[in-house]
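The values are calculated or read from the model by the stated rules, or taken from the named source; none is laboratory data. Computed from a predicted model, the values in this text were never measured in an experiment. Here the Cβ positions follow ideal geometry from the backbone for every residue, glycine too, while neighbour counts run over all protein chains shown. The accessibility values were calculated without ligands, DNA or RNA, using every heavy atom of the protein model including side chains. Shrake-Rupley method; radii C 1.70, N 1.55, O 1.52, S 1.80 Å.
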Amino acid sequence: MVKHAVEANFDGLVGPTHTYAGLSWGNVASKSNVSSVSNPKEAALQGLAKMKRLADRGYVQGVLPPHERPHIPTLRALGFEGPDARVLEQAAKSSPSILAAVSSASPMWTANAATVSPSADTSDHRVHFTPANLSAKFHRSIEHVVTGRALKSIFADESYFAHHPALPSVSHFGDEGAANHTRLCAGYGEPGVELFVYGQMAFNEQAPAPKKYPARQTLEASQAVARLHGLRDQNAVFAQQNPDAIDGGVFHNDVIAVGNGNTLFYHEMAFLNEAQVLEDIRERLTGTELEAVRVSSADVPLEDAVASYLFNSQLLNTPDGMLLAVPGECREVASVSRYLDGLVKSGEPITAVEVFDVKQSMRNGGGPACLRLRVVLNDDEQKAINRGVLLTDELYERLTTWVEAHYRDELSQNELGDPMLLEEVRKALDELTGIMGLGSIYDFQL
């Protein structure tokens, strides 16, 4: 029986150690702003403002917590010893690059937190979660344990939710979560088509693959997640990302394509075999016709798509059609701005464009779509989640006050070894878990 359902957005709250360390090879924006002084407070407030704006429009908006950073357990596992202050001092002195990695606020980009399959698609009719192992990048590969704890705390009722451990953390099963996964459907509560996009085949060295930048998602990882989630062939399509796009700076599929409902908005260079991908989706999509909105290189060159993060936008249902929520940079790139004006004038299915200021995130390589994890929930499942994470006017005010009290206005990489910063972070996170009713999810709390 088809149930009423909504697509909830769970945005990552930017952490107190938000810095520009240029840790992500293949992410052009991340590398271009390396060593700039960041503003963690502004970044967190920008993220909260984005969440509030969508919540005010009636969208179900949740919040995912930042992680403990610097992550002392990882430093200890790498041989740094003594009290916490001594561990930080050693790391700052002998391995500042490692310290920068374990201090990254990258969990803010919750599109990489996990892959989520709605109950309408899965064999046991539960919502399934698999945290991404993010094995391609050291600074992100340490996230999945706390991500899993947070998701289990929020979606705790096992009669509605199923949680899987991350895939083996090796390159053969590199998994980047929902950044390489989107879902197309007639209605959120109806069975849909889950589009898994991979960069290369791990066990076939002869298959096409990028030459300049690494492919972070493998076909084998995507297939494993689909098996874990109990997806039938009817509910899954596996598509290879265009290797030339990856080499052009498209490190995740959500930098070159976004889907919602029956609409797939994508650049012509998104997929290696575009025609076959569209055919596979159309064969499986029931109750509606696929609306494929294709952007040509003549209208928007690939480099402009990457520079503006046009496709790293949120595509949202409204009573009058679909809203494309874009980063402000889209209005700063001439070809993209022209394209968006024409897109709205053309009418259905995308009828409106709105600009969101997430510049602090953008400078590190993440737009509006990077900041959110989409979770389709029917009415019963909504009632079963931890309500303390849903953004209300009251929670927004509490979190804004919390950020103002605990975050610094400026942070540079040479401050990451400051023991006072670690104390500030732990005090803030301990308070946050109380505000959101998460229980003990951090290592320092256990």
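Rounded to whole Å, the principal axis extents of the Cα atoms in the chain read 60, 46, 43, largest first.
Other residues with beta-carbon under 11 Å from the beta-carbon of T288 carry, at +1 per Lys or Arg and -1 per Asp or Glu, a net charge of -2. Taking the longest Cα principal axis of the chain as reference, the axis of helix 274-284 is set at about 80 degrees.
Taking a point 7 Å out from the Cα of A334 in the direction of its Cβ, the residues of region 301-324 whose backbone N falls within less than 16 Å of it are 301-305, 308.
Accessible surface of region 1-156, 1.4 Å probe: 55 percent of it comes from carbon and sulfur atoms.
Computed from the alpha carbon positions, the gyration tensor of region 50-153 leads to an equivalent ellipsoid with semi-axes of 33, 17, 11 Å, biggest first. Cα axis of helix 393-406 to longest principal axis of the chain: angle in degrees, 0 to 90, nearest 10? Tilt of helix 393-406: around 40 degrees.
Packing, taken as the mean count of other beta carbons within 10 Å per residue, orders the peptides 203-210, 183-190 from highest to lowest as 183-190, 203-210. Packing around the peptides 1-9, 143-151, 174-182, taken as the average count of other Cβ atoms within 10 Å per residue, puts them in this order, highest first: 174-182, 143-151, 1-9. Neighbours of Q276, meaning other residues whose beta-carbon lies under 12 angstrom from its beta-carbon, give a summed charge of -3 when Lys and Arg score +1 and Asp and Glu score -1. Of K41/K137; K50/K427; K52/K212; K52/K152; K50/K345, which sit over 28 Å apart, Cα to Cα? Checking Cα-Cα distances, K52/K212 exceed 28 Å. Under the convention that each Lys and Arg Cβ holds +1 and each Asp and Glu Cβ holds -1, the size of the dipole of region 309-446 around its Cα centre is about 460 debye. Here's how it looks for Y198: its modeled amide H is under 5 Å from those of A239, Q240, Q241, which are all 5 or more places away or on a different chain. The aspartates and glutamates within cross-link reach of K383, meaning a Cα-to-Cα straight distance under 12 Å and a gap of 8 or more places when in the same chain, are D157.
Under the simplified labelling scheme, the A77-A49 pair shows an inter-label distance of 3.7 nm, with each label point 7 Å from Cα along Cα→Cβ. Each of F251, V376, A120 was scored by the projection of its Cα onto the charge dipole of the chain, and the greatest displacement toward the positive side belongs to F251; charges sit on the C-beta of Lys, Arg, Asp and Glu. Expressed to the nearest 5 percent, the antiparallel share of DSSP beta bridges inside the chain is 55 percent. If you run the Gaussian network model on the chain, springs between alpha carbon atoms under 10 Å, then out of D299, D121, D357 the most flexible one is D299. Solvent-accessible surface of region 77-227, taken per residue with a 1.4 Å probe and all protein chains present: 38 Å². Ranked by the mean number of other Cβ atoms within 10 Å per residue, highest first, peptides 335-344, 282-291, 376-385 order as 376-385, 335-344, 282-291. Against the longest principal axis of the chain, how steep is helix 84-94, in degrees 0 to 90 to the nearest 10, with axes from Cα atoms? Between the helix axis and the principal axis of the chain, the angle is about 70 degrees.
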